[in-house]
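A.B. asks: I have a structure here, written as structure tokens, and I will follow up with some questions on it.
The values are calculated or read from the model by the stated rules, or taken from the named source; none is laboratory data. No experiment lies behind these values; they were computed from the predicted model shown. No Cβ is skipped: glycine too gets one built from the backbone with ideal geometry, and neighbour counts run over all protein chains shown.
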Amino acid sequence: MRVHVVANLRARGLSIPGDRLERLRDICRGRATVHETRSVSELGGVMREVVTHQADLLILAGGDGTFMSGVSALAPHVAEGRWPRLGLLPMGTVGTVARNLGDRRRPDVLLREWLDAPRAAHAVPRPTLRVRARRNGAEEERIGFIVGTGLVARFFELYEAGGAGGIPLAGKLVARIFAESFTGGPMARRVLTPIPCELEVDGERRPLEGVSLLCAAVVRDLGLGMKVCYRAAEHPDRFHLVASGLPPSKLGPRAPLVMMGRSIGGENHVDDLVGRFVVRFPGGVGPYVLDGDSFQAESFEVSAGPLIPIVAPG
């Protein structure tokens, strides 16, 4: 078996001095080829090597951004239908994607199990999103699992400014935003006020002049039990898109519906399985987030990405 491990040394679990990186190296020694990376720019060469050596199992160690960047870098080098099995080893701050698609045991336990019996690592085809973003005449393409703008982008601005402190910080921010949505507090206004943009869904322009919430995903739980895209992964070629232009005073109080996996509703809202959508920011560039990583673009287009084999629990 040809097993490769790509370890993002900037991921929270591997960047902090300690024994987690040494433990990973020890577990892999003699059983897997380890590639330690410090920037996204290194991934293209690493993935070319992984494909050249015909890896049977590729393990990505890091956070949600690591998984997205790794899959995105791997895609151009993979012939159609010839993806290696992928193991998502959560060693970031939250690991939302891995929690949805993988096992919730400790990373070292998972890694030992996969390397002890790599042939037994059963993989399930999982849907993805293909995101094409345009800015200054250039286009960037990425493969991921959760994309959004509106409150998604504004929330991550606050989260990153606060030090990206994982679930405890995210929980505090969500609680404060929810409370302030009833009183018109400054944080709720900053996060929930609609961002001006145009939305086109499956070739049809939608009557929204801006979005306070826009999220598309192929996983149901977007973190902290938020099931915005409660129909995610129902269809391999379509994904769940939810978009709303509701103001803070109406959007915030609907958070309990999201926790229950129900539609938030509201005038002109979008809540459906779709095959493609485009967001355009008429004022220039606007923010969007893909798997926890923040970007800026003049527009971005989302369509169904490739089915990729991800190692399943058990």
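A.B. asks: Provide a single number: the residues in the range 70-91 that are in contact with a Lys or Arg (Cβ under 8 Å, 6 or more places away or on another chain) and either surrounded by fewer than 20 Cβ atoms within 10 Å (Cβ to Cβ) or farther than 21 Å from L21 by Cβ (or both). Can you show your working first?
C.D. replies: Within the range 70-91, the subset in contact with a Lys or Arg (Cβ under 8 Å, 6 or more places away or on another chain) is 72, 77, 90-91.
Of the ones still in play, those that are also either surrounded by fewer than 20 Cβ atoms within 10 Å (Cβ to Cβ) or farther than 21 Å from L21 by Cβ (or both) are 72, 77.
Of the residues in the range 70-91, 2 are in contact with a Lys or Arg (Cβ under 8 Å, 6 or more places away or on another chain) and either surrounded by fewer than 20 Cβ atoms within 10 Å (Cβ to Cβ) or farther than 21 Å from L21 by Cβ (or both).
Table: residues versus (1) more than 28 Å from E160 (Cα to Cα); (2) touching a residue at least 24 places away in the same chain (Cβ under 8 Å); (3) not assigned by TED's automatic domain parsing to the domain that holds T52.
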| residue | (1), (2), (3) |
| --- | --- |
| S72 | no, yes, no |
| H77 | yes, yes, no |
| P84 | yes, yes, no |
| V94 | no, yes, no |
| R105 | no, no, no |
| L115 | yes, yes, no |
| E141 | no, yes, yes |
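A.B. asks: Here's another thing I want to ask about it. If a residue has to be in a helix (DSSP H, G or I) and either on the phi > 0 side of the Ramachandran plot or surrounded by fewer than 17 Cβ atoms within 10 Å (Cβ to Cβ) (or both) to count, how many in the range 190-219 make the cut? Walk me through how you get there before you give the answer.
C.D. replies: Narrowing the range 190-219 to residues in a helix (DSSP H, G or I): 190-192.
Right, trim to either on the phi > 0 side of the Ramachandran plot or surrounded by fewer than 17 Cβ atoms within 10 Å (Cβ to Cβ) (or both) and you get 190.
Here the count works out to 1.
A.B. asks: Out of the residues in the range 220-240 that are small (G, A, S) and buried (at least 16 other Cβ atoms within 10 Å of the Cβ), state the one that is modelled with the highest pLDDT.
C.D. replies: Going through the qualifying residues, I end up with A232.
A.B. asks: Evaluate the range 252-273: report whether one residue or more is farther than 24 Å from G203 by Cα, in the same structural domain as G166 (by TED's automatic domain parsing) and crowded, with 23+ Cβ neighbours inside 10 Å. Quick ask: steps written out before the conclusion?
C.D. replies: Our first condition is that a residue be farther than 24 Å from G203 by Cα; within the range 252-273, this holds for 252-262.
Applying the additional criterion that residues be in the same structural domain as G166 (by TED's automatic domain parsing) yields 252-262.
Add one more test, that the residue is crowded, with 23+ Cβ neighbours inside 10 Å, and what stays is 252.
Yes: one or more hits.
A.B. asks: Against the condition within 19 Å of G95 (Cα to Cα), in contact with a helix residue (DSSP H, G or I) (Cβ under 6 Å, 6 or more places away or on another chain) and not in a loop (DSSP other than H, G, I, E, B), how does L60 come out, does it pass?
C.D. replies: On the way: within 19 Å of G95 (Cα to Cα): yes; in contact with a helix residue (DSSP H, G or I) (Cβ under 6 Å, 6 or more places away or on another chain): yes; not in a loop (DSSP other than H, G, I, E, B): yes.
For L60, the condition - within 19 Å of G95 (Cα to Cα), in contact with a helix residue (DSSP H, G or I) (Cβ under 6 Å, 6 or more places away or on another chain) and not in a loop (DSSP other than H, G, I, E, B) - is met.
A.B. asks: Six or more apart or on different chains, Cβ under 6 Å: which pairs go from a residue in the range 190-208 that's under 23 Å from F239 (Cα atoms) and touching a residue at least 12 places away in the same chain (Cβ under 8 Å) to one that's in a strand (DSSP E or B) and aromatic (F, W, Y)? Could you list them?
C.D. replies: V201/F277
A.B. asks: Which residues, counting only those in the range 101-111, are surrounded by 15 or more Cβ atoms within 10 Å (Cβ to Cβ) and at pLDDT 90 or above? Don't jump to the end; show me each part of the working.
C.D. replies: As a first pass, look at the range 101-111 and keep what is surrounded by 15 or more Cβ atoms within 10 Å (Cβ to Cβ): 101-103, 107-108, 110-111.
Of everything in the range 101-111, those that are surrounded by 15 or more Cβ atoms within 10 Å (Cβ to Cβ) and at pLDDT 90 or above turn out to be P107, D108, L110, L111.
A.B. asks: Another question about this same structure. Which of the residues belonging to the range 150-194 are aliphatic (A, V, I, L, M) and farther than 15 Å from G292 by Cα? Give the steps one after another, and end with the answer.
C.D. replies: If we filter the range 150-194 for residues that are aliphatic (A, V, I, L, M), which is where we start, we get 151-153, 158, 161, 164, 167, 169-170, 173-175, 177, 179, 187-188, 191-192.
Residues satisfying the conditions are L173, V174, A175, I177, A179, M187, A188, V191, L192.
A.B. asks: Within the range 96-184, considering only helices (runs of 4 or more DSSP H) that don't extend past its boundaries, which have at least 2 residues that are over 22 Å from the mean Cα position of the chain (by Cα)?
C.D. replies: Details: elements: 96-101, 107-116, 151-161, 166-183.
Hits in the range 96-184: 107-116, 166-183.
A.B. asks: While we're looking at this one, here's another question. Does F239 satisfy the condition of being assigned by TED's automatic domain parsing to the domain that holds E298, touching a Cys at 6+ places or on another chain (Cβ under 8 Å) and within 23 Å of S299 (Cα to Cα)?
C.D. replies: Details: assigned by TED's automatic domain parsing to the domain that holds E298: yes; touching a Cys at 6+ places or on another chain (Cβ under 8 Å): yes; within 23 Å of S299 (Cα to Cα): yes.
Yes, satisfied.
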